[in-house]
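To start, the structure under review is shown below, and the notes come after it.
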Amino acid sequence: MDKDRFVEDCIVANRGSDAQAAVIEVLAKAVRRPAEVLAAIGEPREAGINVFHRSESLTIFSATWTPRMYLMPHDHLMWANIGIYTGREDNIMWRRSHDTIEAFGAKALFEGDTASLAIDAIHSVSNPLCRFTGAIHIYGGDFFETRRSLWNAETLEEEDSDGAIIRGMFERENELFRGGKAS
């Protein structure tokens, strides 16, 4: 996998009339060869977000998850495509119900799998494995500047979120993984 070529192919695909569908084709082609993605990106060694491209119309990054990492329910307020290149990602799908959210479905993504999430999707994510998981995430907008929501894992109360809050969660997971105390 040539990472620069991959990014350029995603940018071109994003210009089409059905950008999300075109971009997931590029992503699916890449993650069908997970060994090549690992060679280009590297083996995950900590939780993190490694940004490949960021603009107002498209964000591309690899997200890596520590063993047993969990990310509470959250939305993106833009379409999202996910492709797993190592490990596994379990998603619980949520929907708004009165003044809270309720679970209504689940999907496990394995190495080589892709998934598309609609603009209004709400999901929680976990890595159920005892090893790292790595995925390429592609968003139809600026993931880091968009104000959105997450829901408290215990109370399901809606809270504000953005890219900085999500990055902080990944850092806390690294502290836990290394044996430190998360705040």
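The values are calculated or read from the model by the stated rules, or taken from the named source; none is laboratory data. This is a predicted model, so every value here is computed, not measured. Don't worry about glycine lacking a Cβ; one is built from the backbone with ideal geometry, like all the others, and counts go over all protein chains shown.
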Quiz prompt | Boolean, Trp94 is surrounded by 19 or more Cβ atoms within 10 Å (Cβ to Cβ) and either farther than 29 Å from Val26 by Cα or among the basic types (Lys, Arg) (or both) | solution = no
Quiz item: So which strands (runs of 3 or more DSSP E) stay within segment 84-166 end to end and still have 2 or more residues that are free of Cβ contacts under 8 Å to residues at least 60 places away in the same chain?
Solution: 88-97, 100-110, 114-117, 122-126, 158-161
Quiz item: Gly140 fails exactly one of the following numbered conditions: (1) touching a helix residue (DSSP H, G or I) at 6+ places or on another chain (Cβ under 7 Å); (2) at pLDDT 95 or above; (3) closer than 19 Å to Gly168 by Cα. What is the number of that condition?
Solution: (3)
Exercise. Consider Val51 carefully, then state whether it is crowded, with 16+ Cβ neighbours inside 10 Å and farther than 30 Å from Ser97 by Cα.
Key: no
Self-check item: Residue list for segment 24-48, filter: buried (at least 18 other Cβ atoms within 10 Å of the Cβ) and within 30 Å of Glu154 (Cβ to Cβ)
Solution: Pro44, Ala47, Gly48
Quiz prompt | Failed item, numbered, when Glu56 is tested on (1) within 29 Å of Glu158 (Cβ to Cβ); (2) touching a strand residue (DSSP E or B) at 6+ places or on another chain (Cβ under 8 Å) | solution = (2)
Practice problem: Looking only at segment 54-73, count how many residues are surrounded by fewer than 20 Cβ atoms within 10 Å (Cβ to Cβ) and polar (S, T, N, Q). | Solution: 2
Quiz item: From the list Asn81, Asn127, Asn50, Asn91, which residue is touching a Gly at 6+ places or on another chain (Cβ under 7 Å) and either at negative phi or of a type outside the set (S, T, N, Q) (or both)?
Solution: Asn127
Exercise. Filter segment 105-127 down to the residues that are surrounded by fewer than 15 Cβ atoms within 10 Å (Cβ to Cβ) and not basic (Lys, Arg), then identify the one that is nearest to Ile24 (Cα to Cα).
Key: Ala118
Quiz item: With (1) modelled with pLDDT under 95; (2) in contact with a Pro (Cβ under 6 Å, 6 or more places away or on another chain) as the list, and Met72 as the residue in question, which single condition is left unmet?
Solution: (2)
Exercise. Return the total of residues in segment 1-23 being within 14 Å of Trp79 (Cβ to Cβ) and exposed (fewer than 14 other Cβ atoms within 10 Å of the Cβ).
Key: 4
Practice problem: Could you grab me the full set of residues in segment 13-70 that are of a type in the set (Gly, Ala, Ser) and assigned to a helix (DSSP H, G or I)? | Solution: Ala13, Ala19, Ala21, Ala22, Ala28, Ala30, Ala35, Ala39, Ala40
